Amino acid sequence: MTEFTPWSALLGGVLIGLAAVGMMALEGRIAGISGIASRLLPPWPDAAWKGRLGFVLGLVAAPLAAWLATGDAPAQSVPGNLPLMALAGLLVGFGAVLGHGCTSGHGVCGLARFSPRSLAAVLTFMITGFLTVALMRHGLGS
Amino acid sequence: MPFLVNLGLGLLFGLGLLVSGMADPAKVLNFLDLGGAWDPSLAFVMAGAVLTTALGYRLVLRRPRPLLAEAFQLPTRRAVDGRLLLGAALFGIGWGLGGFCPGPALASLGLGAPGTLAFLPAMLAGMALARRL
């Protein structure tokens, strides 16, 4: 069980949206994290690598900033099945690059632009996400 | 300059992920668990993010160009193709297995959970692999 937290969810969503709008206003780009992170990987080079590296380091530094601001480390519960998590990571990374975007690029920026491609991608990954959890939690003999 | 600007944007994005609960796989997996302990919080994250972005883009894209770049670089592809759908389908399976997508996984690195440390290198390897296709 996790608690339903509509207000912090909404506030966090607005912060994510402000970052996406800031990226467009300043750099003229979509704030798609799989695109930003994957272009830091080979094949190189990429002229915009300094900006991409800055963005990724900003993401990585976020828990530190949250801890400095509140005095508490953000709470989370990460599944502990390590081979399963590695498989999940492989699928997420491979699928996001193959499908030209993830929850941020398609889910936030694409839907905000009313992109039909992004809508198709979001519906697809929501459906396979729902089915995967249904199978893992309720399907396999339980 | 681009480094610091992007560092700030990444930090803001990451704080949004942490505040919203999107960086907690337990909340993501419970959002995806319609038949179980469903937690609808993530729908509110998406609503807040998409509405803010849609409104902000309307204002920003009226301008002739971004403040720190020559021109806006918007995706131009329109067609829904097999590659897009296959990629999204695989992404969704991974998302449903681990409860992480790329942003939350990166924003969780510093929290040091073993599951995160297993997920992240595999995610980067998957990205590098797909870039070679």
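No lab work stands behind these numbers, since they all come straight from the coordinates. Because the structure is predicted, anything quoted here is derived from the model rather than measured. Neighbour counts are summed over all protein chains in view; Cβ atoms, including those assigned to glycine, are modelled from backbone coordinates with ideal geometry.
General observations
- Applying both filters, DSSP loop and at most 15 other Cβ atoms within 10 Å, to the trypsin sites (Lys or Arg not before Pro) of region B:27-72 gives B:62.
- Cα centroid of region A:1-43 to Cα centroid of region B:58-81, whole Å: 17 Å
- For region A:61-112: rounded, prolate or oblate by the Cα gyration tensor [a/c cutoff 1.5]: oblate
- Cα gyration tensor shape for chain A, rounded if a/c is under 1.5, else prolate or oblate: rounded
- Entry note, chain B: the mean residue ellipticity at 222 nm calculated from DSSP H runs of n ≥ 4, each adding -39500 (n - 2.57), is -22000 deg cm²/dmol after division by the residues and rounding to the nearest 500.
- In terms of its C-alpha gyration tensor, the protein assembly as shown has a rounded overall shape, because the principal axis ratio a/c (a ≥ b ≥ c, square roots of the eigenvalues) stays below 1.5.
- In degrees, nearest ten, helix B:114-131 long axis to first principal axis of chain B (Cα): 50 degrees
- GNM flexibility winner over chain A from A:119, A:64, A:98 (Cα, springs under 10 Å): A:64
- For chain A, the longest site-free run once chymotrypsin sites (Phe, Trp or Tyr not before Pro) in DSSP loop states with at most 16 other Cβ atoms within 10 Å are removed: A:5-113
- From its DSSP helices (H runs of at least four residues, each -39,500 (n - 2.57)), chain A gives a residue-normalised ellipticity at 222 nm of -20500 deg cm²/dmol.
- Take every pair of alpha-carbon atoms less than 8 Å apart whose residues are at least six positions apart; their mean separation over the length of region B:2-131 yields a relative contact order of 30 percent.
- Chain A: DSSP helices with Cα axial extent of at least 30 Å and average Kyte-Doolittle hydropathy no lower than -1.0: A:6-27, A:49-70
- Between residue B:47 and residue A:127, the distance separating the two model label sites (each 7 Å from Cα on the Cα→Cβ line) works out to 2.4 nm.
- Axis angle, to the nearest 10 degrees, between helix B:2-20 and the longest C-alpha principal axis of chain B: 40 degrees.
- To the nearest ten degrees, helix B:82-98 and the longest principal axis of the Cα atoms of chain B are 50 degrees apart.
- When chain B is treated as a Gaussian network with alpha carbon springs shorter than 10 Å, the biggest mean-square fluctuation among B:53, B:116, B:76 belongs to B:76.
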